[in-house]
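Please read the structure below before turning to the comments.
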Amino acid sequence: MSDEKKLLFQAKNMYKSFGPTKALVDVSLDVYAGEVVGLIGENGSGKSTLTTIIARIQKGDQEEMYLEGQPYSPPDVIAATAEGICMVTQEQATFEDLSVAANIFIGEEKQFATGPVVNNAQMKKAAKKALENIGVTHINVSTLAGKLVFEDRKLVEIARAVYADPKILIIDETSTTLGKRGRDILYSVINSIRDSGRAVIFISHDIDEIMEVCDRISILRDGHKVAEMEKKDFTSLGIKRQMVGREIEDNFYRNDYDGSFSDEVALRARNLALGCLRDISFDLHKGEILGVGGLADCGMHDLGRILFGLDKPDLGSVETGYGKRIKKNTDAIKNDFAYISKNRDQEALFSVMSIRDNICIASLNKLANGLGLISNKKEKDLVNTWTNELQIKMDNMNQFVMYLSGGNKQKVAVAKWLGFHADVFILDCPTRGIDVGVKAAIYQLLSELKAQGKAIIMISEELPEVIGMSDRILIIKDGLISGEFPRNPDLKESDLINYMI
């Protein structure tokens, strides 16, 4: 880094352990004014641990930090924000039962108060302006955050962070939760902060995005910083090699193009309508990976919930291939359906329960004997089988899921349904927020499930994986199926985008 750049922040010799797991070992990081520095590494490499220490969500076992040359060690997140460092986390950080305006000014309500009374009209006006400042005009500030779609809740968090006017904004895997519109807003925020002489610490598993957005990157592996790279030295394969410590394929999607699957139907959707969704009909076959793509707000995420019986459609029906109606999620489970939500921490996992409990919860009826008693040995055998199969990094099976990295959380969510021996998998953004190595493992697993005759719906905002993994693709636009594409080696993203926008 050029001497002309002002050193804005330093973290030196950072250490952090969780039990026997060494999350950070002697890690240092410099951040310069007017730059975007990327943090990249496999899940469990230490990226989120380092940045949550900087943002004071937690403290390190050993730490030495400086902000603008002065010692930096605020006691908590509020104090860190006051000193000029804010973080937008990977998972949801809005309060569902509070309005958008209240979420943006959480902890800062006193600026709108006269005595004990908060002037809500004034706060809503300021919240509207905070959203407009980042280019968001479609969100009603009076709406409860819990009523917003996942992407819009993230935009509220970004507006909250930007309103604090941070010297350094930390963005942890936020882009993976956003569609095209949301990403454009996020990138505009990043450019504005960099151009104003402040800085961004940017975490992403999307290597192409890292190469585009960042001026410099630091690469972590197993809690150690293993490399730094300037933009001029960025190459996709070089970054991947440093991340995983081994050679890795540049393309890890399927390499077959016959797109074959059984004629036997596993799931039948007819004339589904709910919210923006209208007249959605299709069949899913055994041995098929059916990709569903579109913009974030096209209705495809709602479709996944309807298919699993979590939301009841206003019109239409979902049936198994042999004619059983799926009216609620208990029907789906009885008929060996599995569902992994895009909103992993809130809907796919019980974060304050153990890995063991999360993996076994779907299979309790299958683990019970005739008297309804569950064998401790069967539980342990089930957990050991799938934690070993998926190579879940953990201290032990009784560790709380909340302490796992994003990729290992995703593996637990997958293990729950593999242990259940589901026949139909409804996967909403199955590779959101996971690293290249885990993505490759998930894609390999999908290919194996297909070979076993399992039926898979893969809902994704990532067109390369939809094209790379699907036997057939449905594109949804404004709640309607606007295009259907068979597997084809010549199919390009631009072919799908024409039916999305």
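General remarks:
- Residue check, I326 under 28 Å from the mean Cα position of the chain (by Cα), among the β-branched types (V, I, T) and under 26 Å from I501 (Cβ atoms): no
- Residue in the stretch 46-56 that is surrounded by fewer than 16 Cβ atoms within 10 Å (Cβ to Cβ), within 28 Å of the chain's Cα centre (by Cα) and closer than 22 Å to I239 by Cβ present: no
- With respect to the conditions (1) under 17 Å from I170 (Cα atoms); (2) in a loop (DSSP other than H, G, I, E, B); (3) at pLDDT 90 or above, T94 falls short on a single one, namely (3).
- For the stretch 285-303, filtered to residues that are small (G, A, S) and touching a helix residue (DSSP H, G or I) at 6+ places or on another chain (Cβ under 9 Å), the residue that is modelled with the lowest pLDDT is A296.
- Taking the listed residues D256, D279, the one that is of a type outside the set (K, R), loosely packed, with under 14 Cβ neighbours inside 10 Å and free of Cβ contacts under 8 Å to residues at least 12 places away in the same chain is D256, with no other qualifying.
- Among the criteria (1) under 22 Å from the mean Cα position of the chain (by Cα); (2) surrounded by 14 or more Cβ atoms within 10 Å (Cβ to Cβ), the one E96 does not fulfil is (2).
- Among residues that are surrounded by fewer than 15 Cβ atoms within 10 Å (Cβ to Cβ), of a type in the set (D, E, K, R) and closer than 19 Å to L463 by Cα, D233 is not included.
- Residue count, the stretch 444-501 (criterion: within 23 Å of the chain's Cα centre (by Cα), part of a helix (DSSP H, G or I), farther than 10 Å from G291 by Cβ and modelled with pLDDT under 90): 5
- None of V466, V401, V383, V424 is touching a residue at least 40 places away in the same chain (Cβ under 8 Å) and touching a helix residue (DSSP H, G or I) at 6+ places or on another chain (Cβ under 7 Å) except V401.
- In the set (1) at pLDDT 90 or above; (2) out of contact with any strand residue (DSSP E or B) (no Cβ under 9 Å at 6 or more places or on another chain), the condition left unmet by A273 is number (2).
- The set of residues in the stretch 77-91 being in a loop (DSSP other than H, G, I, E, B) and of a type in the set (S, T, Y) consists of T89 alone.
- Meeting the requirement of 2 or more residues that are β-branched (V, I, T) and out of contact with any Lys or Arg (no Cβ under 6 Å at 6 or more places or on another chain), the strands (runs of 3 or more DSSP E) wholly within the stretch 260-368 are 315-320.
- On inspection, L295 fails the criterion of being farther than 28 Å from A440 by Cβ, surrounded by 13 or more Cβ atoms within 10 Å (Cβ to Cβ), in contact (Cβ under 8 Å) with a residue 12 or more places away in the chain and touching a strand residue (DSSP E or B) at 6+ places or on another chain (Cβ under 9 Å).
- Residue match in the stretch 54-76 (condition: under 21 Å from I203 (Cα atoms), assigned by TED's automatic domain parsing to the domain that holds H224, part of a loop (DSSP other than H, G, I, E, B) and polar (S, T, N, Q)): yes
- D152 vs. criteria within 19 Å of Q92 (Cα to Cα) and of a type in the set (D, E, K, R): yes
- You will find that of K47, K6, K12, K16, the residue that is among the charged types (D, E, K, R), modelled with pLDDT of 90 or more and within 24 Å of K439 (Cβ to Cβ) is K47 and no other.
- Residues that are in contact with a strand residue (DSSP E or B) (Cβ under 8 Å, 6 or more places away or on another chain) and in a helix (DSSP H, G or I) within the stretch 417-443 comprise W417, F420, listed in sequence order.
- Selected residue (only one of K393, K334, K342, K324 is touching an Asp or Glu at 6+ places or on another chain (Cβ under 8 Å) and surrounded by fewer than 19 Cβ atoms within 10 Å (Cβ to Cβ)): K324
The values are calculated or read from the model by the stated rules, or taken from the named source; none is laboratory data. Worth saying up front: this structure is predicted, and the values here are computed from it rather than measured. Don't worry about glycine lacking a Cβ; one is built from the backbone with ideal geometry, like all the others, and counts go over all protein chains shown.
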